[in-house]
Each structure stands twice: as structure tokens, then as C-alpha cells.
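What follows draws every value from the coordinates through simple rules; no lab data is involved. Not measured: the values here are computed from a predicted model. Positions of Cβ are backbone-derived with ideal geometry, glycine not excepted, and every protein chain shown enters the neighbour counts.
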Amino acid sequence: MTAPFGLNEIKEALTRIRGWIHRTPIITSHQLDTLAGRKLFFKTENLQKTGSFKVRGACNAVFLEKEKNPDGPGVVTHSSGNHGQAVAYAAKCAGLACSVVVPEGTPKVKCDAIQHYGAELVFCQPSPAARKETCERIAEETGRAVIHPYDNYNVMAGQGTIALELLEEVPNLDAILVPISGGGMTSGIAVAAHHMQPSCRVYAVEPFGKMLEQSLKSKQRLWPNPPQFLNTIADAIRTQQVGELTFPVLCQFAETQVFSITDDQMVEGMRLAMERTKMVVEAASGAAVYAGVRCLEDVEPKVERVGVILCGGNVDLDQLPWIHPSTSY
């Protein structure tokens, strides 16, 4: 089995989107290396356009849609916030109309950003089914193309450009830690790493309760239906099930071992990032930081050089979880 996209598509994606995104810095911290007992390389997608990695996949998919249908009615998507911002930004760059469906309770900072880019904001009930149904209704009514947050190979190829940059700049990594929700970023990074450096292992970092490891090991979708959101402060990665298209890619290219991180551990990771690197990151990024610093001791074979994806930084600074621990942002 081969993935429906490969290194060529990822390289083409980077060429397509390069003028519209940042090549984000890779930073290190001697103090975090000491705590981890290994060398950590942080890919700072929290400094990316729109505040998260999502703009890479969104731009690739939206620009391709523009090429295919330049006079079309636009695009629509559903999102927990970050992908919505990214599609709104990409649509503005492409000159396309855009609607973004978000669940009620989406952080205000993300809703404001979506509207700032000129997209129509549509609220739905806070469930995966409501998001999908509302998005499909708008697509049917308007004729707009659906840009799925992760179950879209053009989105996955765009996210794979993260690994393209990371492995070009920091070769000979033993592993890459990737926060996971629907699996688009993990799929793209895993495919890119497989082709660029086959010995580099790609590990998913999940919120507690996602149950991804059991499904990857069995190569079967073991999640209960209907799909649901997890109760986690990491709103960017609260989707329990990975996608129908991403799952086979993950089974083939990602490690079956998954690091499951609690809310408290995510908060610790956020604090470590802020205190040691001066990076403001959201809880999903905090999960990857915590995994890099605290969870790799028993991994076999040993890993000494590890890439850590700081996937986003869209944080409500008035609701930092160590200041307001009973509230989520």
C-alpha cells in the first residue's frame, strides 16, 4: 500500500504556498534538553500565519481549488477554530468567498480571527456530527467546495511541509512528536519523514481518552460511535476519532505507540514552553512539549534527537489555565 500523496506532492505544496506562509524557526533549549535527557528541536508553528500550522494545509487545498475553479462560489469548512482561521486566511488570499462552521463555545480569540479574515462565521451544536451536517448544508445551498480539516489529501500534503522544512534544517532526527486530532498533520509529517529519512519515527501525541494506540495496533477503527469530542482543555485536538482517510496513512507510516497526555500534563508543557523558551503555546502544543520532556525515557530503540511540533499559539491570555485552572480557553 502507498499513500495517495508522497514527497513530490509535499514539495509541490511548499512551492505553491511558500509566499503566503512563514518558514517557522526551529529553536532549542539547553534547560529542556537537560530535563529531557536528549536533544529537542522545537518547530515553532505557533509563530505561523494565523497562529497555527493549519494554514499550510488550508492554503494548499484552497489554492488548488482556485486553480481548478477560478470563478467558483468559494469554500466552506468546519473547525474547532484553528483550521477555520486558516481557511478564512487562505480564501482571502485567493479571493474566494468563505464560510466557517464552528461549535458553540469556540474560544473568542479564534472566532474573532475568522471574522477578521472576512469569512462568514456559522455556529453549530458542539458535536462532530453537527459540524459536518452544518458544513454540508451550506455547501449544498451555496455550491461552495468543502475544505475538510484533515480528511483531504491536499490538506495532508500541505501539513507535510512542516517535516520538509524540519528535516532539511535538522537532519538525522530519531523521532518527531506530533499533537494529533483528526490526523492530517501527523499523516503529512509521517509520509514526508518516511521518504526523507526512513529511520525517523513519527509519534502521535494525543489527549487522554482518544484511544488511538489500540486502533493503530489492531489496524481497526475501535472508537465508539457516534463520533464525539473529548473533555479536554486542548480545544484544537479534542476530536476523538481520526479521519477515514488519515487512518490508513497513520497505520502505514506512524508509530503504533502513542503518548496519551492529561490536561494537567498539557498545562505543565505550556508552562515549560513559556518559562524555558518564552514561547506562548496552546494546550495541544503543551502536550507535545510534555511528551518530549517527560515521556521518552522508555522508548526503544533510544531516541537522542527529537523534533517537537509546537502546533499553535492561539491562546486567550485572559484565561491561561494555571491562572484560571477551572476554565478552558
Exercise. When all C-alpha to C-alpha distances in the chain are sorted into bins of 10 Å, what percent of pairs does each bin hold, rounded to whole numbers?
Worked result: 6, 29, 38, 22, 4, 0
For this session: For Thr15 paired with Thr256, estimate the spin-label separation in nm (one decimal), with each label point 7 Å from Cα along the Cα-to-Cβ line.
Result: 3.8 nm
Exercise. Taking amide H positions as placed 1.01 Å from N in the peptide plane, with prolines and chain starts having none, which residues 5 or more places from Thr239, or on another chain, fall under 5 Å of its amide H?
Worked result: Leu230
Problem set entry | Kirkwood hydrodynamic radius of the range 54-146, Cα pairs, Å | 12.7 Å
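Regarding the range 180-329, what is the average projected area of its C-alpha convex hull, in nm²? Before the final figure, lay out each step's value.
Values: hull surface 36.3 nm².
Hull-based average projected area comes out at 9.1 nm².
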Problem set entry | Estimated distance in nm for a label pair at Gln125 and Glu244, the labels positioned 7 Å out from Cα along Cα-to-Cβ | 2.1 nm
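Beyond a 22 Å Cα-Cα separation, which of these cross-linked pairs lie in this structure: Lys210/Lys278; Lys43/Lys217; Lys39/Lys278; Lys11/Lys68; Lys43/Lys219; Lys49/Lys210?
On the way: Lys210/Lys278 29 Å; Lys43/Lys217 28 Å; Lys39/Lys278 18 Å; Lys11/Lys68 19 Å; Lys43/Lys219 29 Å; Lys49/Lys210 28 Å.
Violating the 22 Å limit, Cα to Cα: Lys210/Lys278; Lys43/Lys217; Lys43/Lys219; Lys49/Lys210.
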Exercise. Which of Phe229, Phe63, Phe53 moves the most in a Gaussian network model of the chain with Cα springs under 10 Å?
Worked result: Phe229
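Rounded to the nearest 500, what is the 222 nm mean residue ellipticity of the chain from helices alone, with -39500 (n - 2.57) per DSSP H run of 4+ residues and division by all residues?
The helix contribution divided over the chain gives -12500 deg cm²/dmol.
Using the 2.2 N^0.38 Å rule of thumb for compact globular proteins, work out how the range 250-291 stacks up: its C-alpha Rg over that value, please.
Details: Rg = 11.9 Å, N = 42, 2.2 N^0.38 = 9.1 Å.
Rounded to two decimals, the normalised Rg is 1.31.
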Exercise. Under a straight-distance cross-link criterion of Cα-Cα below 13 Å, which aspartates and glutamates are reachable from Lys302, leaving out those fewer than 8 residues away in the same chain?
Worked result: Asp174
Exercise. At what distance in nm do the modelled label points of Ile323 and Lys219 sit from each other, each positioned 7 Å from its Cα along Cα→Cβ?
Worked result: 4.9 nm
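For the chain, what is the relative contact order in percent, using Cα pairs closer than 8 Å and at least 6 residues apart in sequence?
Working: 721 pairs, mean separation 69.6, N = 329.
21 percent.
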For this session: Give the shape of the range 1-157 as rounded, prolate or oblate, defined through the alpha-carbon gyration tensor: a ≥ b ≥ c are the square roots of its eigenvalues, a/c under 1.5 means rounded, and otherwise the shape is prolate if a/b is larger than b/c and oblate if not.
Result: prolate
